[in-house]
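Structure first, then comments.
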Amino acid sequence: MFEYSIIIPVYNKYQLTHDCLLSLKDCIKHDNFEVIVVDNASSDESECEIPKLGTKLFSQRFTYIRNNENRNFAGACNQGAKVAKSDFLCFLNNDTIMTNDWDQPLLHALKTEAKLGAVGPVLLYADNTVQHIGITVKPQGCISHFYRLFPAEHKVVKKRRKLNFITAAVLMIHKNKFFAAGAFNEAYKNGFEDIELCFKLRELGFELSVIPESTVYHLESQSPGRKDSELNNANIFNTNFPIIPVDWQNILLDDGYLFSLNENFYMDIDIPKEHIIYSQSLQCQTTNDLASLLETEPYWQEGYTHLANIFEEHKDFYRALDVYKKQSYFVLNQALIDNANKILAKLDKSTTQSLVDISSLDKELLNSHKPERIRAIYKTIMTALEKYPDTNLKALIKEWRKKYGVKYLAQQ
């Protein structure tokens, strides 16, 4: 028996697997684990090279399973779990790079907190911004990574919290709990199988958490065709779980942000006026100083406007537009689009990436204002509130009704 088993599903992209296995060897400071690679019928050099590299690095602690067809993420992970020789399983994407002793905080949490169903590390992009510290459900029905692209040093990234969903890009779980929750649903094709697993774990009474003392780098969505089945996966999940709790407002409130629902049920988010960044901004001497300060607090809406206005005053319209593009990664509303379109009108009509991006955002926002969509979201939220009562969400909806109820709900 090993302390835990690392299960890595792969499909082509051998170099990713190569780098992942080397990082496991370098960053785990003990030998009390096994590595199981499940190859979903790769057509590149994986079949030839992975067994040799794995055996070289991990000797008898390495297992290679070759499938004759692509069983996708869920099927491959379930295969590995069934042959694992340990009580703890760690599902791991091959597009990950470990950091030293990343495994120990995860194991410690699972061993000492019986209420935990599954845990994961903080996942970062190569530029040290957040890829994953948890998954939230937003009022408009979007299931997404929260605080994505925040700097790794931000205080919200270092915070331990109870979550509804975490990704299986790196997920550690007790084997018994994994199978008690039904393992991964193989109806999904590389997406949403982790969301369903988390939902089932929570139905069994277990909690989920990202452990901030553990960090892994994640390239994200490197599998060929990774996004091809998103709509079908979402339809399967929505059929299995038509009502899920909205929790984005509780995360924001707990972290001290200001927020409200705008007309299309997107969340407008800002920082309080007493935030230290306002006094720090007085020390900024250049646009680079201001841009650097914005990097430390991505929800500082006034900072984007101030920086874009400086560029616009100097007729540096493309840089002003880039500021609004950056802002749209975090908050999307009509004011942002109006500001961007004002600058677009001052540019020549040649096609640029900036023009394409803003046009796409404009279209997204326009579609989000369709009355039938607004009414459908409202109905879904009210249904969710019946099953999952939430004081903060109820207050948000009350304010939304005051502002927009006559426009949309009177038509029902």
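Taken together, the values in this text are just the output of simple stated rules run on the coordinates, not laboratory data. Quick caveat, the model's predicted, so the values are computed rather than measured. Neighbour counts are summed over all protein chains in view; Cβ atoms, including those assigned to glycine, are modelled from backbone coordinates with ideal geometry.
The Cβ shell under 11 Å around E47 holds other residues with a net charge of -2, Lys and Arg each +1, Asp and Glu each -1.
Identify the residues of the stretch 235-260 with backbone N under 19 Å of a label point that sits 7 angstrom from the Cα of M382 along the Cα-to-Cβ direction, or state none. So the set is 242-246. Here's how it looks for V210: its modeled amide H is under 5 Å from those of G120, R161, which are all 5 or more places away or on a different chain.
A simple spin-label model places pseudo-atoms 7 Å from Cα toward Cβ; at E45 and T296 they are separated by 4.6 nm. Here's how it looks for D44: its modeled amide H is under 5 Å from those of N12, which are all 5 or more places away or on a different chain. Derived scalar couplings between HN and Hα for the stretch 179-193 equal 6, 4, 7, x, 6, 7, 6, 7, 6, 7, 10, 6, x, 6, 5 Hz in order, rounded to whole Hz, by the Karplus curve 6.51 cos²θ - 1.76 cosθ + 1.60 (θ = phi - 60°), x for Gly and Pro. Shape analysis of the stretch 91-142 places it in the oblate category; the axes a ≥ b ≥ c from the Cα gyration tensor give an a/c of at least 1.5, with a/b not above b/c. For the residue pairs K189/K370; K315/K346; K25/K52; K138/K394; K29/K177; K138/K398, the C-alpha atoms sit more than 19 angstrom apart in K189/K370; K29/K177. Computed from Cα atoms, the angle from the helix 14-27 axis to the main principal axis of the chain rounds to 80 degrees.
One decimal place: the segment K29-E213 gains 64.6 nm when fully extended, by the rule 0.36 nm per residue minus the C-alpha distance. Every Cα-Cα pair in the stretch 4-244 was counted, and those over 24 Å apart are 41% of them. Taking trypsin sites (Lys or Arg not before Pro) as exposed when their DSSP state is a loop state and no more than 14 other Cβ atoms lie within 10 Å, the longest site-free interval of the chain runs over 161-226.
The GluC sites (Glu not before Pro) found in the stretch 228-299 that occupy coil by DSSP, while having at most 14 further C-beta atoms within 10 Å, are E274. Choose one answer from E186, E69, E220: the residue with the largest mean-square fluctuation in a GNM of the chain with alpha-carbon springs under 10 Å. The residue with the greatest mean-square fluctuation here is E69.
Simple spin-label estimate for A345 and C142 gives 2.7 nm between the two label positions (7 Å along the Cα-to-Cβ direction from each Cα). For the chain, the longest principal axis of the C-alpha atoms and the axis of helix 391-408 are separated by about 50°.
Extension gain for the segment A114 to F2, taken as residue separation times 0.36 nm less the Cα-Cα distance, is 38.3 nm to one decimal. Summarising the label geometry, the points placed 7 Å from Cα in the beta-carbon direction at R375 and D255 lie 3.5 nm from one another.
By the rule of a C-alpha distance below 20 Å, with chain neighbours fewer than 8 residues away ignored, the lysines paired with K175 are K82, K85, K111, K115, K200.
State the extension gain, in nm to one decimal, for the chain segment bounded by L57 and I310, taking 0.36 nm per residue of separation less the distance between their alpha-carbons. The L57-I310 span can extend by a further 85.6 nm.
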